[in-house]
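A quick write-up on the structure given underneath.
Bear in mind these aren't lab numbers, they're just calculated from the coordinates by the rules spelled out. The shown structure was predicted, so the numbers you read here are calculated from the model rather than taken from an experiment. Don't worry about glycine lacking a Cβ; one is built from the backbone with ideal geometry, like all the others, and counts go over all protein chains shown.
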Amino acid sequence: MTPLISILKVTKRFPGVVALDRVSFDVLPGELHAIVGENGAGKSTLMKILSGVIPDFEGELRLRGQAVRFADARSAEKHGIRIIHQELNLVENLSAAANVFLGREKRNRWGLLDDRGMARATADLLQQLECHISPSQLVRTLRVGDQQLIEIAKALAVETDILIMDEPTSALTEAEAARLFRIIGRLRQRGVTILYISHKLEEVFSLADRITVLRDGRLVQMLNRHETNVRAVTHLMVGREIEAMDLGTGRQAGAIVMEVRDLCLPWPGHARAWRLQNISFALRRGEILGIAGLMGAGRTELLECLFGASSETPTGSVLLEGRSVRFAHPWEARAAGIALVTEDRKRLGLFANLSAGANVSICTLERAALGGLVRPRRERSLAGEAIHKLGVKTAAFETAITSLSGGNQQKAIIARWLLTKPKILLLDDPTRGVDIGAKEELYRLMDQLCREGLGIIVTSSELPELLTLCDRILVLCEGRMTAEFSRSEATEQVIMEAATRRES
Ligand SMILES: Nc1ncnc2c1ncn2[C@@H]1O[C@H](COP(=O)(O)OP(=O)(O)OP(=O)(O)O)[C@@H](O)[C@H]1O
Ligand SMILES: [Mg+2]
């Protein structure tokens, strides 16, 4: 069979890094080809080259045997190639429909924007995705999971032969991911060839025909899915065995550090008047408390409330080490010893025009200061320690944060907050987009921090993650707490049951 795409000795150098080093492989027509590898392995870079986003590289690309060179994403689109980006590329202040049709606006016969036509087409696409967002809703008001669906709708809006999906499920819950897989099934029936990147290997093994493993910019091996297994692929990716982890044993929870009583968060203008309703729980020092729930259950909102970052004023009370507190602003929460690592790193976590190092040190500059002036060497050494402790892969302190791989950006943000020496660490889906090896490191780090006396609250869209990490798990459904499980009681099944237990 003539390959649909041939990648021949593709090399991409960035200042200080060789992101891809003579990578060669073929993609067959109609196959679902997965690309896996650790954070920073070069997956996204390769996909950006294939989709014209990075026009400048060494080596050659062939499409149906013909050498091609894309000047930009538009010219790759003309050859039927589209990409769903890992870091969402949406315009915040435009509606869902305007984003879906950005740059390809429909016009009516008088040449005016056909808003209604676009809204209708968007509604259709969203319906196919079984997603209930209104086409007119502004993207900035949507949560990441919904934004990811808009990004997918955008790619599906035009006929494509080759669809590149760069971690399409990283912000989706399992149910939403299942929806996406049904769509992938339909696309494959239509003969669409799919290049698929994911850190979730179960996903890769249920979808892919072939799997290409990249490591440090080099191709390690290409495998037929049927001839390999998760363990073998993991080994190729990280170069070592990843053991099943038993983290919780022997942890000693200490005194109560935070107590939440009857926390309610109003939801003005919504049929369900409360975003969160009567949430009560306590967090102890040295314990990891998990918050489970489907998308929209209120996980993120709960963490935002505790951090003084919710747009509405919550009612109820929060006691911090026995003292009643009410945070009107995140910096008050920070000063009281609370840190929040947000789920939406691109929008709320990163300072895109600062270096990796400055992103780490930004909340703790006072520790590097003397007489009101920041001492750069001190700033570097503090940030450097944290970067080292978390294993953030960055060429230098000065490297632009945006040039770090997704997982390494996430680690940089966690490093920033750990420098603030918090009493309570709130982590909203912290391993989103983080590779298996780095995930293991993050789990161990959380376990260690917890044993040092930190109280940790963590949410995750992956239940196995909560089951590995947490001493207790609270389950939310539509803003209410429907269950609480101890480590020994918690199973995926009982949690799912509680997460879907609606008020009758
Ligand atoms: N624009 C850029 N400028 C400088 N370096 C870059 C740029 N884009 C990527 N890199 C570097 O190239 C390497 C590969 O990055 P890439 O984003 O392709 O990794 P990835 O495999 O997609 O990782 P992840 O799983 O974290 O998304 C990394 O070392 C990254 O820091
Ligand atoms: Mg990537």
(Q) What does the extension gain come out to for Thr420 and Leu112, with contour length at 0.36 nm per residue minus their alpha carbon separation? (A) 105.6 nm
**Q.** Relative contact order [Cα under 8 Å, 6+ residues apart], the range 191-350, whole percent
**A.** 16 percent
Q) What Rg and what Dmax come out for the range 149-257 when only alpha-carbon atoms are used, in angstroms? A) 18.0, 59
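Report, to one decimal in Å, the Kirkwood hydrodynamic radius for the range 74-182 based on all distinct Cα pairs.
14.2 Å
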Q) So in the range 159-261, what percent of DSSP beta bridges are antiparallel if you round to the nearest 5? A) 55 percent
**Q.** Only Lys, Arg (+1) and Asp, Glu (-1) charged, at Cβ; the range 5-238 dipole about Cα centre in debye
**A.** 480 debye
Q. What nm value, rounded to one decimal, do you get for the distance between Gln127 and Glu92 when each label is placed 7 Å out toward the C-beta?
A. 3.2 nm
Q: Can you figure out the FRET efficiency of Arg367 with Arg323, using R₀ = 30 Å and their beta-carbon distance, to the nearest 0.05?
A: 0.75
(Q) For a distance above 25 Å, tell me the whole-number percent of Cα pairs in the range 222-326 that qualify. (A) 47 percent
Q | Test item: Cα-centred dipole of the chain, Lys/Arg +1 and Asp/Glu -1 on Cβ, debye | A | 1020 debye
(Q) When the expected Rg is taken as 2.2 N^0.38 Å, what fraction or multiple of it is the alpha-carbon Rg of the range 5-238? (A) 1.03
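Rounded, prolate or oblate for the range 1-99? Axes are the square roots of the Cα gyration tensor eigenvalues, ordered a ≥ b ≥ c, and the cut-off for rounded is a/c under 1.5.
On the way: a/c = 1.70, a/b = 1.26, b/c = 1.34.
The shape class here is oblate.
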Q: Note the full-extension length gain between Arg13 and Arg251 as 0.36 nm times their separation in residues minus their Cα-Cα distance, in nm to one decimal.
A: 81.1 nm
Q) If you project the alpha carbons of the range 349-402 onto their three principal axes, what span does each projection cover, largest first, in Å? A) 32, 23, 17
Q) Using Cα pairs under 8 angstrom and six or more residues apart, how large is the relative contact order of the range 26-173, in percent? A) 26 percent
Q) Quick one: if the Förster radius is 41 Å, what FRET efficiency do Asp56 and His270 give, using the C-beta to C-beta distance and rounding to 0.05? A) 0.30
Q. Given Cα pairs under 8 Å that are at least 6 residues apart, what percent is the relative contact order of the chain?
A. 15 percent
Q) Which log10 I(q)/I(0) values, to two decimals, does the chain give at q = 0.12 Å⁻¹ under the Debye formula with one point per Cα? A) -1.19
